[in-house]
1. Could we say that residue 54 is among the aliphatic types (A, V, I, L, M), within 24 Å of residue 22 (Cα to Cα) and touching a Ser or Thr at 6+ places or on another chain (Cβ under 9 Å) here?
2. Is it fair to say residue 22 is acidic (Asp, Glu) and within 16 Å of residue 133 (Cα to Cα)?
3. If I filter segment 111-123 for residues that are aromatic (Phe, Trp, Tyr), within 15 Å of the chain's Cα centre (by Cα), within 22 Å of residue 11 (Cα to Cα) and surrounded by 21 or more Cβ atoms within 10 Å (Cβ to Cβ), do I get at least one hit?
4. Go over the candidates 126, 109 one by one and state the one that is at pLDDT below 95 and either in a helix (DSSP H, G or I) or not hydrophobic (A, V, I, L, M, F, W, C) (or both).
5. For segment 71-88, does any single residue satisfy the condition of being of a type in the set (Ser, Thr, Tyr), in contact with a helix residue (DSSP H, G or I) (Cβ under 8 Å, 6 or more places away or on another chain) and surrounded by fewer than 17 Cβ atoms within 10 Å (Cβ to Cβ)?
6. Might you check whether a residue that is surrounded by 13 or more Cβ atoms within 10 Å (Cβ to Cβ), in contact with a Gly (Cβ under 7 Å, 6 or more places away or on another chain) and within 12 Å of residue 5 (Cα to Cα) occurs anywhere in segment 127-138?
7. For segment 118-149, which positions are within 16 Å of residue 44 (Cβ to Cβ) and of a type in the set (Ser, Thr, Tyr)?
8. Condition first: buried (at least 17 other Cβ atoms within 10 Å of the Cβ) and touching a strand residue (DSSP E or B) at 6+ places or on another chain (Cβ under 7 Å). Now tell me which residues in segment 24-41 satisfy that.
Amino acid sequence: MKCALTGHRDLPETFDVNKLYDCLEETIREGYDTFYCGMARGFDLLALDCLVSLARKYKIKLIACEPYKGHGDGFRGELREKYRSLLQWCDEVTVLSPAYYRGAFNVRDRYMVDHADLVLAYCTRDSGGTAYTLRYAEKKGKEIKILQD
């Protein structure tokens with residue numbers, strides 16, 4: 001079964017990475033073995049980092065979904081290095097557009113939802129890309145699991 005990940009780029013200082021790790025491991029134990037990651041800073045990359053660790057323990061497939069070619073080039077310093085490192089652990093890299101355009105992130109989010117059975121989200125606001133993705137997932141009848149603070 002397949003799981004799409006979505007969450008905020010800006011996480012609170014109180015965000016519990018251990019709770020995220022445990023939630024992802026529980027999801028794997030429930031039978032999910034393929035994970036779609038949108039490759040945004042914040043939740044996406046943190047979740048992928050946890051999944052890379054879990055891939056040492058479980059047979060899972062990691063799919064990076066880049067909204068456009070060169071998306072990671074916009075990151076600087078340590079974040080750019082982390083991005084590149086995590087990308088190397090992915091089994092597949094799907095690039096959804098040859099270049100940036102307004103709406104590229106929404107297309108990426110819909111792609112991930114359309115290919116997933118479950119959407120695992122960290123969402124604390126009713127606006128923004130994560131909320132948009134959850135509304136789309138609901139409309140498509142996808143199972144949704146919300147990571148609580």
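The values are calculated or read from the model by the stated rules, or taken from the named source; none is laboratory data. From a predicted model like this one, the values you see are computed outputs, not experimental measurements. Reconstructed Cβ throughout: ideal geometry from the backbone, glycine too, with neighbour counts over all protein chains shown.
1. Working: among the aliphatic types (A, V, I, L, M): yes; within 24 Å of residue 22 (Cα to Cα): yes; touching a Ser or Thr at 6+ places or on another chain (Cβ under 9 Å): no.
No; evaluated as a whole, the condition is false for this residue.
2. On the way: acidic (Asp, Glu): yes; within 16 Å of residue 133 (Cα to Cα): no.
No: the conditions fail for residue 22.
3. Taking segment 111-123 first, the residues aromatic (Phe, Trp, Tyr) are 111, 122.
Those still in the list that are within 15 Å of the chain's Cα centre (by Cα) too: 111, 122.
Filter once more, keeping what is within 22 Å of residue 11 (Cα to Cα): 122.
Filter once more, keeping what is surrounded by 21 or more Cβ atoms within 10 Å (Cβ to Cβ): 122.
The answer is yes; a qualifying residue exists.
4. Working: 109 fails: at pLDDT below 95.
Exactly one of 126, 109 is at pLDDT below 95 and either in a helix (DSSP H, G or I) or not hydrophobic (A, V, I, L, M, F, W, C) (or both), namely 126.
5. If we filter segment 71-88 for residues that are of a type in the set (Ser, Thr, Tyr), which is where we start, we get 83, 85.
Now narrow it down to the ones that are in contact with a helix residue (DSSP H, G or I) (Cβ under 8 Å, 6 or more places away or on another chain): 83.
Narrowing further to those that are surrounded by fewer than 17 Cβ atoms within 10 Å (Cβ to Cβ): none.
No, segment 71-88 has no match at all.
6. As a first pass, look at segment 127-138 and keep what is surrounded by 13 or more Cβ atoms within 10 Å (Cβ to Cβ): 128-134, 136-137.
Then keep just the ones that are in contact with a Gly (Cβ under 7 Å, 6 or more places away or on another chain); that gives 130.
Narrowing further to those that are within 12 Å of residue 5 (Cα to Cα): 130.
Yes, there is a match, as at least one residue in segment 127-138 is surrounded by 13 or more Cβ atoms within 10 Å (Cβ to Cβ), in contact with a Gly (Cβ under 7 Å, 6 or more places away or on another chain) and within 12 Å of residue 5 (Cα to Cα).
7. 122, 124, 130, 132, 133
8. 27, 32, 34, 35, 36, 37, 38, 39 - these are the residues of segment 24-41 that are buried (at least 17 other Cβ atoms within 10 Å of the Cβ) and touching a strand residue (DSSP E or B) at 6+ places or on another chain (Cβ under 7 Å).
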